[in-house]
Amino acid sequence: MSVTPHLFIPGPTNIPDAVRMAMNVPMIDMRSGEYPKLTLPIFEDLKKVFKMKDGRVFIFPSSGTGAWESAIQNTLKPGDKVLMSRFGQFSLLWVDMAERLGLKVELCDEEWGTGVPLEKYADILAKDKAHEIKAVFATHNETATGVTSDIAGVRKALDAAKHPALLMVDGVSSVGSLDMRMGEWGVDCCVSGSQKGFMLPTGLGILAVSQKALDANKANGGMPRCFLAWEDHIKTNDLGYFPYTPATQLLQGLRCSLDLIFAEGLENVFARHHRLADTVSAILAPEGIDSAQIVKTAYYRYNTSLGVGLNKVAGRVFRIGHLGSLDEFMVGGVLFAVEMTMKDCGVPVKFGSGTGAAAEYFNKTSTKAAELPKAKAA
Ligand SMILES: *Cc1c(COP(=O)(O)O)cnc(C)c1O
């Protein structure tokens, strides 16, 4: 088949041609005097994407999971109490990591398909007069279910209790697609990765940290660490270098994806995602229909990758990833494939019901009309 596979999973996302080509360049010397010309502006531009008011950004040659681990290892000690919630596969995995790294997790176990339980958080924080809780965790966008949580609300709960705990946010599938206001929301560690909103291959763990997180790191020392240790990066990053071999080609790609994001305008990128239904949709298959069969059928019959249901919702849910490099045409295309696939799998779907509704919505809410080039006067 000569047609490129249609990729609608919530990461890795589609890579714009400009980004792909920006990585197809000769390797450069990571210790040369020129190298900081690539790296220093990237650190500064990332701060704009995270909307930080202070602090710094770390870039690890890892996936997002590495940035998760770095956030914990550099700010918390084994035995520290933390507040977390679990409502999907990614929030589940972060809890699992925290426990394996020796943290004492006070866990809010929520129904999958919900988000961070703000009232419970507020209640628990208000009762923690001795400030035993050292950090509060929140998964901004639970990629397993498509549910976005209210990070400003978590900040409110902390402030209402006058609680000094660090605020740790997983923004792997939100940063660059949904608004992330680290400074305004008082987020201390925000975890991201290259293969979602940044439209790159997997391979960069991107961790933005506030000055408060840097101070906590200095004050309590964190836990044993090496690969993901902040202090080694701080020493070298300020000069534009890294403590070990950086993923230079991915940094070249990141330069290009940041250029694309700023050329479109960060707020326009968010507005586009909002219009195209944010980042990921989780669809509950009708009773008696195996959602894994839907995903398999779409792949083999229509050259279309959808996201499977993970863990608890395996076989019940399938997902459409629609974040990163995406437009109306692509949303229409995947809905077309999904309609056909669902019919193939025995769901009595009416052809055109989804694609038609999408066309109707996009037509009514189009913002492009104003941008049509004006005919030149004769
Ligand atoms: C993808 C994802 C992760 C995991 O990132 P990896 O790059 O696969 O390590 C963590 N959290 C969320 C919300 C994600 O979407």
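Taken together, the criteria exclude ALA126 from residues that are more than 11 Å from the ligand (Cβ to nearest atom), over 15 Å from TRP68 (Cα atoms), open to solvent by 10 Å² or more (accessible area, probe 1.4 Å) and in a loop (DSSP other than H, G, I, E, B). The lone criterion from (1) open to solvent by 90 Å² or more (accessible area, probe 1.4 Å); (2) aromatic (Phe, Trp, Tyr); (3) closer than 23 Å to GLN293 by Cα left unmet by TYR361 is number (3).
So that you can scan it fast, the table gives a plain yes or no per residue for (1) within 16 Å of the ligand (Cβ to nearest atom); (2) at pLDDT 95 or above; (3) open to solvent by 60 Å² or more (accessible area, probe 1.4 Å); (4) farther than 23 Å from HIS140 by Cβ:
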position	(1), (2), (3), (4)
ILE28	no, yes, yes, yes
GLY33	no, yes, yes, yes
ILE42	no, yes, no, no
LEU46	no, yes, no, no
VAL49	no, yes, no, no
ASN74	no, yes, no, no
ASP80	no, yes, no, no
MET84	yes, yes, no, no
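Here's the yes/no breakdown for (1) in contact with a strand residue (DSSP E or B) (Cβ under 9 Å, 6 or more places away or on another chain); (2) part of a loop (DSSP other than H, G, I, E, B); (3) on the phi > 0 side of the Ramachandran plot; (4) in the same structural domain as ASN303 (by TED's automatic domain parsing):
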{"site": "ARG31", "(1), (2), (3), (4)": "no, yes, no, no"}
{"site": "LYS37", "(1), (2), (3), (4)": "no, no, no, no"}
{"site": "PHE43", "(1), (2), (3), (4)": "yes, no, no, no"}
{"site": "LYS47", "(1), (2), (3), (4)": "yes, no, no, no"}
{"site": "THR65", "(1), (2), (3), (4)": "yes, no, no, no"}
{"site": "TRP68", "(1), (2), (3), (4)": "yes, no, no, no"}
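Scanning region 353-368 for residues that are outside any loop (DSSP other than H, G, I, E, B) and not aromatic (Phe, Trp, Tyr) yields SER353, GLY354, THR355, GLY356, ALA357, ALA358, ALA359, GLU360, ASN363, LYS364. The residue list ASP259, ASP278 contains one member that is under 20 Å from the mean Cα position of the chain (by Cα), charged (D, E, K, R) and surrounded by fewer than 16 Cβ atoms within 10 Å (Cβ to Cβ), which is ASP259. Each residue in region 310-333 was checked for being open to solvent by less than 10 Å² (accessible area, probe 1.4 Å) and within 11 Å of ALA285 (Cα to Cα), and 1 pass.
Does any residue of region 1-19 turn out to be charged (D, E, K, R) and either part of a loop (DSSP other than H, G, I, E, B) or touching a residue at least 24 places away in the same chain (Cβ under 8 Å) (or both)? No, that holds for no residue. Of the residues making up region 164-172, one or more are more than 16 Å from the ligand (Cβ to nearest atom) and more than 20 Å from the chain's Cα centre (by Cα).
Per the listing GLU132, GLU69, the residue uniquely of a type outside the set (S, T, N, Q), open to solvent by 10 Å² or more (accessible area, probe 1.4 Å) and within 13 Å of the ligand (Cβ to nearest atom) is GLU69. Considering (1) crowded, with 20+ Cβ neighbours inside 10 Å; (2) part of a helix (DSSP H, G or I), the lone condition that ARG155 does not fulfil carries the number (1). Residues that are open to solvent by less than 20 Å² (accessible area, probe 1.4 Å) and touching a His at 6+ places or on another chain (Cβ under 7 Å): does region 202-209 have at least one? Looking for residues that are open to solvent by less than 20 Å² (accessible area, probe 1.4 Å) and touching a His at 6+ places or on another chain (Cβ under 7 Å), one finds none in region 202-209, hence no. For region 200-223, state whether one or more residues are part of a loop (DSSP other than H, G, I, E, B), away from the ligand (no atom under 16 Å from the Cβ) and not small (Gly, Ala, Ser). Among the residues of region 200-223, at least one is part of a loop (DSSP other than H, G, I, E, B), away from the ligand (no atom under 16 Å from the Cβ) and not small (Gly, Ala, Ser), which makes the answer yes.
The values are calculated or read from the model by the stated rules, or taken from the named source; none is laboratory data. What you see is a predicted model; the values in this text were computed from it and never measured. Every residue, glycine among them, receives a Cβ derived from its backbone with ideal geometry; neighbour counts consider all protein chains shown. Areas reflect the complete protein model, heavy atoms only, side chains present, ligands, DNA and RNA absent. Shrake-Rupley method; radii C 1.70, N 1.55, O 1.52, S 1.80 Å.
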